[in-house]
Structures are given as C-alpha cells and as structure tokens.
1. In chain B, how does Rg compare with the Kirkwood Rh, expressed as the Rg/Rh ratio over alpha carbon atoms?
2. Give me Rg/Rg_expected for segment C:16-178, where Rg uses Cα atoms only and Rg_expected = 2.2 N^0.38 Å with N residues.
3. Go from 0 up to the bin containing the longest alpha carbon distance in segment A:1-159, width 5 Å each, and give me the % of pairs per bin.
4. Pop the C-beta distance of residue A:267 and residue B:28 into the FRET formula with R0 = 56 Å and round what comes out to the nearest 0.05.
5. Can you give the mean number of other chain Cβ atoms that lie within 10 Å of the Cβ atoms in peptide B:164-174?
6. Rounded to the nearest 0.05, what FRET efficiency do residue C:113 and residue A:418 give with R0 = 60 Å and r taken as the Cβ-Cβ distance? Could you check?
7. Among rounded, prolate and oblate, which fits the protein assembly as shown when a ≥ b ≥ c are the square roots of the eigenvalues of its C-alpha gyration tensor, a/c under 1.5 means rounded, and a/b larger than b/c means prolate?
8. Please flag any cysteine in the protein assembly as shown that has no other cysteine's Cβ under 4.7 angstrom from its own Cβ.
Amino acid sequence: MDPLLLGALVAIFTVVVLFSGVSVALGLLIVSAGFLIVFDGMRSLELMPEILFGKLNNFALLSIPMFIIMGASIASTRAGADLYEALERWLTRVPGGLVISNLGACALFAAMSGSSPATCAAIGKMGIPEMRKRGFPDGVAAGSIAAGGTLGILIPPSVTMIVYGIATETSIGRLFLAGVIPGLLLVALFMAWSLYSTWRSGDAAALTARSYSWRERVEILPRVLPFLAIILGVLYAMYGGIATPSETAAVGALLCLVIAMVIYRLWNPADLWAVLRDSTKESVMILFIIAAAGVFSYMLSSLFITQSIAEWIGTLDVNRWVLMGAINVFLLIAGFFLPPVAVILMAAPILLPIITSAGFDPIWFAVVLTINMEIGLISPPVGLNLYVINGIAPDIKLKTILVGSLPFVGCMVLAIVLLCLFPGLATWLPDLVMGPRI
Amino acid sequence: ADLRLSHQWSDNDVRHKVAQIVADEVAAADVDLDIRIFPTESLFKAREQYTPLSRGQLDMTVLPLSYAGGQQPAYNLTLMPGLVKNHDHAARLNDSPFMDAIEQKMAEDDVMVLVHGYLAGGFAATDGCITKPEDMAGLQTRAAGKSFEQMLAGAGASIASMASSEIYSAMQSGVLDAVNTSSSSFVSYRIYEQVACYTPPGDYALWFMYQPLLMNKSTFDGLDEAQQQALMAAAEKAQAFYLKEAKKEDAESRRVFSEAGVEIADMTAEDFAAWQELAKETSYKAFVEETPGGQELLDMALSVE
Amino acid sequence: MASHSTAAAARAGDNPFLRAVAAISTLAGWCAAAMIVAAVAITCQMIVVRFVLNGSTVWQTEAVVYLVIAATLVGLSYVQRMRGHVNVDLVPLALPPGPRRALCIVTLSVSVAIVAVMLWYGYEYWHFAWERGWRSETVWAVRLWIPYLAIPVGLGLFLLQLVADLVAVILDIDKPFGLEDA
Ligand code: NA
Ligand code: NA
C-alpha cells in the first residue's frame with residue numbers, strides 16, 4: 001500500500017482509538033500493534049517490549065520526574081502564597097499591582113516547576129480568592145492564573161522542552177534558554193490584557209491597591225529567599241560547570257525537597273508521601289506515554305510513513321509561511337485534545353525534517369510548538385489548566401473560566417506571530433550564552 | 001526482496017555513504033533486491049540494533065561492533081587501546097585469523113560481515129596536550145568505550161559518562177577537561193571551539209573502532225545466487241571506499257582543528273609504547289579476566305604485523 | 001483527559017480479589033516512588049563525587065537510568081489504580097450509561113489483550129538475556145536480566161490491575177471510566 005495512504009489510515013485509526021476513552025499510552029500501543037501485525041507481520045510484535053524499554057533507556061529522561069518533584073514539593077507548601085504576597089506588597093503602587101503580582105508569581109514559579117498545572121495550582125490557590133475579594137472580575141482572576149500557569153512549560157525548566165530535546169536531539173540547555181525571552185514576552189502581554197480588561201469593565205477600584213508600610217514590605221522579603229536560592233542554585237549548577245542539564249534536575253529536586261522540609265516544615269510522613277505519590281503518578285504517566293510513543297514512531301518509520309510524508313511535503317512547493325501556518329493549525333488541533341508530551345512525541349519525528357528543510361530553526365520551532373501546547377492547556381474541550389482552576393475555585397463557572405481565558409489565547413497567538421516576525425526572540429539568548437549553534 | 005538497513009548516523013556521514021554504495025550497487029545489478037536505509041536511529045536506537053539483527057527482525061546494520069560486547073565479550077577487542085596502530089594495519093587485521101575468530105563469534109548469533117572497516121580517533125583537552133599517560137592524571141574525562149575508560153582510569157583520570165552530544169557543553173562549562181572520541185565526532189560536534197590542544201590519529205594512534213556493515217546470516221542464505229553475488233560485489237566496492245574515506249577523515253580533523261587555532265600534538269613511538277604498557281595492566285587484563293579464551297584471542301590480534 | 005488529577009482511585013468494594021489487587025498495586029506505587037527518590041540521591045552523589053572529590057563516576061548514570069525505567073514499569077499498575085493515565089473522555093461522557101459501559105468493557109478488554117501480548121514477549125526477552133548471560137557494555141557490566149526484570153514484573157502487575165478494573169466494571173462495583181452519572 002502507498003505509505004501516504006497508509007499514513008492517512010493510521011491517523012484515522014489513532015483518532016478513533018484515542019476518542020474511545022482508552023488511556024493515551026495504551027491507545028498508541030494498540031494502534032501500533034494493529035498496523036504492525038497487518039503490514040509488517042506478527043514478528044514485529046516481539047519487538048514491542050524491547051522498544052518500550054529502549055525508549056526509556058535514556059539518561060535525559062531522569063530530569064522529568066526530578067522537575068516534577070521540584071514543582072510538587074514547593075507547591076505543597078505555602079511558598080507560592082509567600083511569593084505572591086511579597087510581590088503584591090512591593091508592587092502595590094503600580095496600577096493593577098495585584099494582577100501583576102499574580103502573573104509575576106506565576107512566571108517565577110514557572111522558573112522552578114517543569115509542569116503547567118503545578119504552576120497554576122501553586123499560585124492560584126492564594127491568588128484567585130485575593131483578586132476576587134478585591135473586585136477583579138471573575139473571568140480576569142481565573143483567566144490570568146490559568147494562562148499564567150501555562151508558562152510552566154515555556155519558562156525553564158520545562159518537561160515538554162526536555163521531551164522535544166530528546167525526540168529531536170537538540171540541546172536541552174539551549175532549548176531552556178530559548179524559552180526565557182518569549183516567556184517574559186507572554187507575561188508582559190498577559191499583564192497588558194489583564195489591566196486593559198479590568199479598566200474597561202469599570203472595576204477601576206480594583207486597580208487602586210491597598211497600601212503597605214515599608215516595615216511590612218521588608219518583613220516579607222526573607223520569605224522569598226528560598227525561591228531565589230532554588231532558582232540561583234539550579235542556574236549555577238546548569239550553566240556554571242557543575243552538572244549537565246539532566247543532572248541539574250536532581251539538584252533542583254533535592255534542593256526543593258530539603259527547603260520544603262526544613263523551611264516549610266513538611267515533616268509529616270503523610271504530607272511527604274502525598275508529594276512523592278503525586279510526582280510518581282505524573283512522572284509514570286508521562287514516561288509511559290514517551291515509551292508508547294516510541295513504539296508508535298517505530299511503527300510509522302518501519303512502514304515508511306514518516307519518511308514519505310516528509311518527502312511528499314517537500315514536493316508540494318508551498319510558501320514556507322503557509323507551511324508554518326498549516327503546521328500551527330495542526331498542532332493547535334492536536335493540543336486541544338492531547339497532552340503536550342504526546343503531541344510532541346507523535347509530531348516531532350514527522351515535522352522536524354519538514355521544518356528544517358523549509359529553513360526554520362528547530363530551537364525556534366520548539367518555542368512556537370510550546371506556545372501552541374500552552375494554548376491547548378487553556379482551551380476546550382480538554383484544557384488541563386481550566387480544570388485545575390475549577391478545582392481551586394469551584395464556585396466560578398467553568399464557562400466563566402473559559403471565556404476569561406480566551407483573550408489570553410489571543411495573547412499567545414500574538415506571541416507566535418511576533419516570534420515569526422522576530423525569530424531572534426527565541427534564538428538570541430541561547431546563542432549569546434552557549435555560543436553559535438553546532 | 002526488500003531488506004532493511006538501520007544505522008545511527010546522518011546521511012552525510014561516511015558510514016551512511018558505505019551503506020548507500022551497497023544499496024545503489026545492488027539496485028544497479030537488477031537482481032530484484034531492494035535495500036531500504038533507515039538513518040539517524042529512525043528505526044532502532046544505536047545500541048539496540050544488534051539484538052534484532054541477530055534475531056532476524058532487522059536485515060542489515062552498520063554498527064560499532066563493541067556495542068554488542070555485553071553479549072559477546074570477544075567483541076571488546078574491536079575497540080581496544082593500542083591494538084591497531086594505523087589504517088593499513090587495520091586493513092591487515094581484517095584478513096587475519098583474529099578476524100576469522102571474531103566472525104565465528106558472530107556466526108553463533110546468526111550474524112555475518114559484508115563490509116569491514118575501522119575509524120580512528122584521538123584526544124583533545126581544554127588545557128595542555130595529551131600524548132602520554134602522565135598527561136591524563138587528575139583530569140575529568142569522557143572516553144569512548146569501556147576499555148578506554150579502564151586504561152584512562154589507570155592513568156589517573158576521572159571518568160565521567162555522558163552522551164557524545166553533551167560533550168560540547170560539558171567542556172564549555174568545565175564539567176569535562178579532556179575527551180577521547182572519533183575524528184568525525186570531534187569535527188561534527190565542533191569540539192575545536194572548546195579545546196586548547198588536539199592529538200589526532202596519525203602514524204601512531206590508540207583509538208580504533210571496528211564498525212562493519214553486518215547482515216543477518218539466515219536472511220543472506222535465503223537469497224538466491226545472483227542476489228548474494230550482487231551483495232558481495234557491492235560490499236567489496238564499499239570496503240575500498242570506506243578505507244580511503246577513513247584516512248581522509250583523520251586528515252580532515254587535523255586540518256579543521258589547526259585552522260581553528262588549536263595546537264596539534266602527535267604521539268611518538270615511545271608514547272604509544274607507554275600507553276600499550278598501561279593497557280596491558282588495565283584493559284587487556286580486565287578483558288582476559290572476563291572473556292573465556294580471551295588470552296588466545298588477544299594474542300592472535302597482537303600477532304598481526 | 002482532564003479528569004485525571006481529581007478522580008479518585010478505582011473502587012474495590014468488598015470483593016476480595018479486587019482488594020488484593022488494589023493492595024498489590026499500592027505496594028508497587030511505593031516501590032516506584034522509592035526508586036525515583038533513590039535516583040535523585042544517586043545523581044546528587046554523582047555530582048558530589050565528580051565536582052567536589054574529582055573522582056570517577058562509573059556506575060551512577062547507568063544505575064539511575066535503570067531505576068527510572070523500573071519506576072515507570074513497576075508504577076504502571078499503581079497509576080492505573082489511581083486513574084492517572086490520561087485519556088480523552090469526551091465520547092464516554094457523551095454516551096448514555098448502557099453504551100458507555102459497553103465501550104468501557106471493550107477498551108479494557110483490548111487493553112488487557114495488548115498488555116498480555118507485551119508481557120509474553122517481554123518475559124521471552126528477559127529470559128533471553130538471563131539465559132545468555134548478557135551484560136551491559138560498560139565498566140560496571142551489569143547482568144542485564146536484572147534491569148530487564150522490570151519488564152515482566154511491571155507489565156504483569158499492570159495486567160493484573162487492568163483485569164481487576166475490567167472485573168469491577170462487569171460486576172458493577174466501579175463506574176465505567178470512573179465517571180459519575182451526570
Ligand atoms: Na518551568
Ligand atoms: Na485543550
């Protein structure tokens with residue numbers, strides 16, 4: 001059978017199987033096994049456990065559970081609230097200081113957590129009630145945290161960037177740096193929108209904040225120190241000649257666990273177990289998808305589908321920006337339904353040769369792809385962050401959260417456009433720190 | 001018939017070109033044999049090719065044989081310090097009783113060689129040159145291969161294990177002081193931007209890695225006469241190309257490093273002897289201990305002039 | 001898919017088989033968490049040895065990789081029990097109870113089948129490594145049947161939990177897909 005036709009068949013079956021409600025990882029294995037049996041013979045099945053093990057046999061994957069532990073241990077303490085409160089006390093004179101503090105706290109927390117829901121939960125628990133109390137519209141309160149939380153996978157460290165780096169063999173250190181400036185750009189866009197919409201809605205009272213004495217401001221500073229210690233410690237380990245990026249994750253995890261236990265008194269075995277349990281649960285889920293996606297991409301490659309699609313797109317002779325637009329639409333749709341890790345693992349082997357031959361930079365593309373995945377996290381039907389907010393603030397209607405988040409989707413689309421116009425936003429910092437690309 | 005060939009390199013690598021020559025020649029022979037190449041680990045990961053090859057789930061591969069040293073300890077001799085002195089010596093090894101013994105081991109796993117070939121490599125360090133064992137003392141280093149790790153540890157170096165793709169940033173940030181790998185990796189990972197001195201393979205070199213094009217034996221036996229002959233003829237042509245290109249790569253790495261302003265150091269006959277002495281105490285000894293019949297194999301290899 | 005962080009564990013009711021499987025899966029979850037913690041500790045130890053003591057790190061990288069693989073495979077059953085494997089639940093949510101239950105039985109049965117097949121070949125692969133005395137190609141030279149053991153053990157436990165989930169839905173002890181009736 002023609003590999004392209006076969007590819008279409010695989011796509012249809014994958015959608016049908018995944019929508020049946022089976023778990024994503026098992027669904028990928030089921031589709032792979034089906035096509036391997038029919039088109040490659042029963043013998044291919046023998047290889048599945050071997051490939052499963054082989055895909056996990058990679059030191060860089062260690063950093064996934066490590067960065068998840070970082071986020072989970074700090075999120076289980078009141079550190080997020082401290083961070084947010086400190087920012088609030090210092091930014092009180094700034095118009096709309098509260099929403100700015102929240103988004104700033106999301107960005108800082110994102111700099112420690114590799115996952116978006118963790119960021120969302122840590123800041124939102126304190127931030128959303130506070131914003132609502134002070135008269136911000138529910139939509140802005142919920143939407144800004146939902147959107148700010150998505151920064152977890154753009155601002156380093158980022159689990160999705162690690163997965164992209166492994167799938168495409170690009171430097172993880174470089175990918176991390178590439179996310180910094182676009183991350184700050186998104187924070188700025190989010191802040192601008194929040195302020196504008198609050199002002200427009202007539203809740204101007206919310207923009208004039210309460211005032212704090214200098215004593216109150218100084219008092220809170222020590223409580224931000226653990227954060228600075230963690231972020232500086234990780235940065236120093238990663239770029240200061242102590243450890244490779246994958247090893248750094250373990251330093252971060254240990255640092256966060258120790259700080260949570262010593263400073264935030266996370267002594268209770270039940271609480272500690274809760275942190276480890278949640279981290280284990282999320283890590284195993286992600287790692288199993290990675291392993292299953294490995295079998296899936298073996299199937300695609302073995303049936304020559306990956307190679308044929310890349311060849312076919314190469315012969316299409318379309319404008320490279322039309323191509324990039326089409327890729328973005330594809331990623332967006334996939335992101336609506338699937339977790340970022342699954343999208344990256346299924347799409348990267350097919351998309352990477354296409355985008356590099358069209359003259360796009362894989363590091364830059366990682367950032368575009370990540371922002372696409374961020375959109376998926378706050379858009380229907382299965383935006384993970386929307387449900388996290390729903391869990392924190394059950395009395396805000398899901399629809400209000402959704403509508404409040406939509407303008408932030410607009411900010412993200414704008415950021416993608418800006419990245420297309422100025423690719424240097426992503427590539428300048430990694431080139432500056434790590435030297436020109438190899 | 002359709003055959004699948006898997007390897008780990010990109011399509012401008014010499015090892016891909018060797019595979020491509022075999023595929024092209026066989027196609028030109030018009031014997032109803034089609035070789036489909038899967039480069040850059042697009043089918044199997046580098047170290048996970050030997051098992052499917054030996055079980056007939058993969059037909060052909062280009063592979064550093066020592067990757068399978070955990071399954072056949074004898075293969076560790078194909079990446080052993082000081083065993084091969086230069087490319088012409090390597091070519092003589094391919095026709096020796098030593099290689100016959102190695103091929104016998106492969107036959108146990110239902111594997112056979114189509115194209116023999118060795119690639120060489122050297123040392124690079126962030127300060128100072130590495131030509132003799134004393135130069136390694138106290139350095140954090142990453143070596144390519146178990147036997148080299150054993151020897152360099154014996155020279156007083158500290159061994160850090162990491163993927164070759166991490167070498168560049170590890171040298172940049174100071175995690176690594178010295179590295180030992182192949183000429184082509186030195187160039188493709190742009191290590192010359194991070195080091196002060198390079199010891200390329202020349203008249204004397206320590207690091208030679210046997211990287212043949214292998215085929216599943218049962219699959220080969222299942223082909224008809226004309227197909228087998230076409231494959232052997234293609235392999236012969238590819239082998240000549242492989243030897244020529246391997247020499248070229250060493251020269252190329254020397255040129256690239258010196259043009260980048262890196263100091264070039266050469267190993268002398270005495271240096272080579274000192275390394276070999278050290279290897280006898282460390283890697284050779286460990287090899288003989290863990291390999292049944294290891295001493296005999298080692299002697300066979302050392303006896304090739 | 002989004003329900004994964006909030007949904008409760010699979011229900012076992014009074015059924016002794018389901019309760020036993022639940023206990024085994026929970027134990028597996030503890031083991032997985034312990035292996036991840038061990039991986040953190042070993043990696044930090046490696047950095048100290050290399051950076052502070054300037055010593056050799058021969059076994060750490062490999063040990064950590066095997067621990068993370070084992071944590072993943074052994075943790076599968078626990079995560080299944082905690083409903084932590086993400087899925088797209090739009091269609092099940094939209095279905096009335098009868099078809100929803102039927103769909104759930106079908107997906108679980110196919111899952112059981114695929115995991116059983118992988119368990120079979122996984123056992124074979126492990127046995128191959130054990131019989132032939134394969135070792136890893138490093139100075140440490142680990143006997144590979146030890147890390148490979150995670151394949152049959154992990155997939156076996158996973159199979160057990162999937163069968164228990166199937167039984168729970170068939171006996172009406174647990175809701176299909178863990179979804180409460182709307
Ligand atoms: Na992050
Ligand atoms: Na979504």
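Each value in this text was obtained by applying a stated rule to the coordinates, not by laboratory testing. From a predicted model like this one, the values you see are computed outputs, not experimental measurements. Note: ideal-geometry Cβ built from the backbone for every residue, glycine included; neighbour counts use all protein chains shown.
1. Working: Rg = 19.1 Å, Rh = 19.7 Å.
Result: Rg/Rh = 0.97.
2. On the way: Rg = 19.6 Å, N = 163, 2.2 N^0.38 = 15.2 Å.
For segment C:16-178, the normalised Cα radius of gyration comes out at 1.29.
3. 1, 9, 13, 13, 12, 10, 9, 9, 8, 7, 5, 3, 1, 0
4. Details: r = 74 Å, r/R0 = 1.32.
Taking R0 as 56 Å, the efficiency between residue A:267 and residue B:28 is 0.15.
5. Values: counts 0, 7, 9, 1, 5, 12, 3, 1, 6, 11, 4.
For peptide B:164-174, the averaged partner shielding equals 5.
6. Details: r = 49 Å, r/R0 = 0.81.
Taking R0 as 60 Å, the efficiency between residue C:113 and residue A:418 is 0.80.
7. Values: a/c = 1.83, a/b = 1.47, b/c = 1.24.
Note, shape of the protein assembly as shown comes out prolate.
8. A:106, A:120, A:256, A:411, A:420, C:31, C:44, C:104
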